[in-house]
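Report on the following structure.
Derivation of every value follows stated rules applied to the coordinates shown; laboratory data play no part. Keep in mind it's a predicted model, so treat the numbers as computed, not measured. In this analysis, Cβ positions are derived from the backbone assuming ideal geometry, glycine residues included, and neighbour counts consider all displayed protein chains.
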Amino acid sequence: MSEESNGRGRRAAGRRRRKPPARRRALAIAAWSAAGVVLLGGAGLGYFYVKFNGNLKTVDIDQALGTDRPQNVDNGSMDILVLGSDSRGGANGEYGQDDGGSARSDTAMIIHLYEGHKKASVVSIPRDTMVPRPSCTLPNGKTDPGGTRTQFNEAFSTGGAACAVKTVEKMSGIRMDHYIEVDFTGFKKIIDTLGGVEVTTTKPIKDGASHLDLAAGPNKLNGEQALGLVRTRKSVGDGSDLGRIQLQQAFIKALIKQVKSIGLFDNPKRLLDLADNATKAITTDKALGDVKSLMGFAQGLQGIDAGDMQMITLPVTTDARDTNRVAPLTKESKMVWDALLADQTIPAEATVNSSGDKSTAGSIVQ
């Protein structure tokens with residue numbers, strides 16, 4: 001969708017979004033992970049403050065993209081791009097052949113926080129969606145020209161976080177206020193530190209590729225099992241990435257409930273371990289790249305529960321040129337982006353014709 005078609009609802013250049021009210025807790029896999037940092041607020045533990053600051057990794061999206069971005073919308077909302085990195089380098093090598101540290105965006109979600117930050121919409125983008133990719137600066141300083149037909153997750157492997165953000169902004173017309181990335185190993189440690197996450201499966205799940213073997217009924221997933229669940233694809237639903245997205249969304253809601261129920265404040269060791277693992281696991285945009293900023297961001301999300309979240313998959317259909325890929329539904333995708341630009345709920349009719357709503361995988365996990 002062109003930037004011109006998204007002109008409605010944009011604000012004048014140079015104006016900043018209104019600051020959200022102070023609340024706490026994060027709201028997607030990486031953002032919730034950052035909640036461990038927030039929970040240290042007010043503890044007066046200067047040593048840990050410095051330690052956790054040193055754990056954080058950042059990328060300067062603003063400097064990388066300059067002015068070639070959509071204008072912000074002055075309506076109190078906020079948009080965050082959350083990526084799950086599937087690099088097979090280093091400690092992640094057990095999940096596939098070492099790729100030398102290069103990575104792809106195995107999971108991609110746009111989180112839209114509505115004005116007041118009491119509810120949110122989450123739009124998952126299938127990694128095999130065929131989209132136009134803008135030109136991006138490569139790590140060696142050269143420029144990749146992009147293309148009119150590229151697989152979505154190649155933006156991250158080609159030009160890193162900045163290219164992924166630029167691709168999302170071009171396809172949506174929405175400026176991303178923040179960027180958060182979490183990797184496989186960090187995700188596992190966070191779940192283990194939380195003491196696991198409880199889910200109920202309506203049928204057994206056995207997936208050789210993700211090494212997951214769950215019986216039907218209640219299951220308390222450790223970090224390895226949780227990672228297996230959010231990576232499972234072929235053994236659930238229609239066997240596509242669309243089914244995996246529904247599993248991821250179901251798990252996120254279970255994770256929110258778990259974080260809110262375990263009483264982190266009553267367990268100082270768990271609290272500190274969570275903060276340590278979380279800050280090691282995530283990469284953020286520069287604006288969130290210190291504990292104080294991360295605390296302020298996550299404090300604004302305290303009021304959001306699982307029931308306050310609308311979760312959808314970007315409206316897609318089978319790609320006309322490759323049945324193993326999907327393509328955005330033009331009309332329905334525009335409805336999604338227009339709704340978020342206007343800080344409105346995504347209309348139900350936007351997903352009626354989408355292949356992303358036809359998988360049964362989401363009903364397997366409760």
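With one equal scatterer per alpha carbon and no solvent term, the Debye-computed log10 I(q)/I(0) for segment 149-268 at 0.10, 0.11, 0.14 1/Å reads -0.40, -0.48, -0.74. Taking every C-alpha pair closer than 8 Å and separated by at least 6 residues, the mean separation divided by the residue count of segment 104-260 gives a relative contact order of 15 percent.
Under 23 Å of direct C-alpha separation, and excluding same-chain neighbours fewer than eight residues apart, Lys118 reaches these lysines: Lys19, Lys253, Lys257, Lys260, Lys292.
A straight line joining the Cα centroids of segment 282-303 and segment 318-355 runs 30 Å. In percent, rounded to a whole number, the relative contact order of segment 109-169 is 26, using alpha-carbon pairs under 8 Å and six or more apart.
Asp308 sits among other residues whose Cβ lies under 10 Å from its own Cβ, and their net charge, with Lys and Arg +1 and Asp and Glu -1, is +1. Prolate is the label for segment 146-200, because the ratio a/c of its alpha-carbon gyration tensor axes (a ≥ b ≥ c) is 1.5 or higher and a/b is greater than b/c. Translational diffusion coefficient of segment 104-216 (Stokes-Einstein, Kirkwood radius from Cα pairs, 37 °C, 0.692 mPa s): 197 µm²/s.
Computed packing ranks the peptides 337-343, 317-323 as 337-343, 317-323, most packed first, by mean other Cβ atoms within 10 Å.
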